[in-house]
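Here's the structure, in structure tokens; my notes come after.
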Amino acid sequence: MSDATRLKKIARIRRGLKPRVVDLFSGCGGISLGFRSASFKIIAGLEIDKHAAETHALNFYSGDSQHRQALHAKSRDITVLEPHDFLKELYPKQDPVALVDVVVGGPPCQAFARVGRAKLREIAQHPEAFRHDARGHLYMRYLHYVKALNPLAIMLENVPDIVNYGGTNVAEAIADALEDLGYTAAYTFLNAAHYGVPQLRERLILVA
């Protein structure tokens, strides 16, 4: 991203306009809801599950025309869809890089979570089936989108076990990759119970 584009994004936000968010692996919109509640604008959600994508569209674009809502309700596969193609489909007249201020998302956690690993072992009948689950590498596509769209800020959420994925601290690897792209990245563990949710739900939160 050029300095001019970055400065335009910052100037736009300083004028009081809402930061624009793209939610990757959006599901029905849990993270989107949090950001909308904090006065961000959700401009796109990318989700492979048909029903989740349709629900996200209903939750965040119900005021749009039927055509626009149908575009947002379309399920999409992040492993084959390029970032610029994704946003050009939704906003054909706009520059994808200039359009996005923030990228958020929670890559699938099944390969990272201990309970998910147990299920994978049972299904695949292999003690380290989680290592061969392609979902364990989808964070690479998240980083690909960040590199292509150059947002001002990033938030990634996942299960605590992401810090020990077969001996690898994936969160640290993501933070290092973001640092290489020019971001300042940090992560910590937060518990939803400390934020008004009646559930002990600890998650890793990475911000850059």
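Things worth noting here:
- Test: SER37 is out of contact with any strand residue (DSSP E or B) (no Cβ under 9 Å at 6 or more places or on another chain) and within 25 Å of HIS144 (Cβ to Cβ): no
- Residues satisfying the criterion are absent from segment 43-52 (criterion: of a type outside the set (A, V, I, L, M, F, W, C), open to solvent by less than 50 Å² (accessible area, probe 1.4 Å) and either in a helix (DSSP H, G or I) or at pLDDT below 95 (or both)).
- Only one of the listed residues (LYS88, LYS18, LYS8) is of a type in the set (Lys, Arg), open to solvent by 50 Å² or more (accessible area, probe 1.4 Å) and not in a helix (DSSP H, G or I). That residue is LYS18.
- Selection status of VAL80, among the aliphatic types (A, V, I, L, M) and either in contact with a Pro (Cβ under 8 Å, 6 or more places away or on another chain) or in contact (Cβ under 8 Å) with a residue 40 or more places away in the chain (or both): no
Residue-by-condition table, conditions (1) within 23 Å of ILE42 (Cα to Cα); (2) open to solvent by 60 Å² or more (accessible area, probe 1.4 Å); (3) at pLDDT 55 or above:
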{"residue": "LYS119", "(1), (2), (3)": "no, yes, no"}
{"residue": "ALA148", "(1), (2), (3)": "yes, no, yes"}
{"residue": "GLY166", "(1), (2), (3)": "no, no, yes"}
{"residue": "HIS194", "(1), (2), (3)": "no, yes, yes"}
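- So SER32, is it part of a loop (DSSP other than H, G, I, E, B), modelled with pLDDT of 95 or more and of a type outside the set (Val, Ile, Thr): no
- Cβ-Cβ under 8 Å pairs, at least 6 apart or on other chains, segment 166-184 side within 17 Å of VAL102 (Cα to Cα), far side open to solvent by 30 Å² or more (accessible area, probe 1.4 Å) and assigned to a helix (DSSP H, G or I): ILE174/TYR139; LEU181/LYS147
- Given (1) open to solvent by 20 Å² or more (accessible area, probe 1.4 Å); (2) assigned to a loop (DSSP other than H, G, I, E, B); (3) closer than 21 Å to GLY34 by Cβ; (4) at pLDDT 90 or above, number of the condition MET155 does not satisfy: (2)
The values are calculated or read from the model by the stated rules, or taken from the named source; none is laboratory data. Computed from a predicted structure; not experimentally measured. A quick note on method: Cβ atoms are made from the backbone with ideal geometry, for glycine too, and the neighbour counts reach across all protein chains shown. Please note that ligands, DNA and RNA were not included when accessible areas were found on the heavy atoms of the full protein model with its side chains. Shrake-Rupley method; radii C 1.70, N 1.55, O 1.52, S 1.80 Å.
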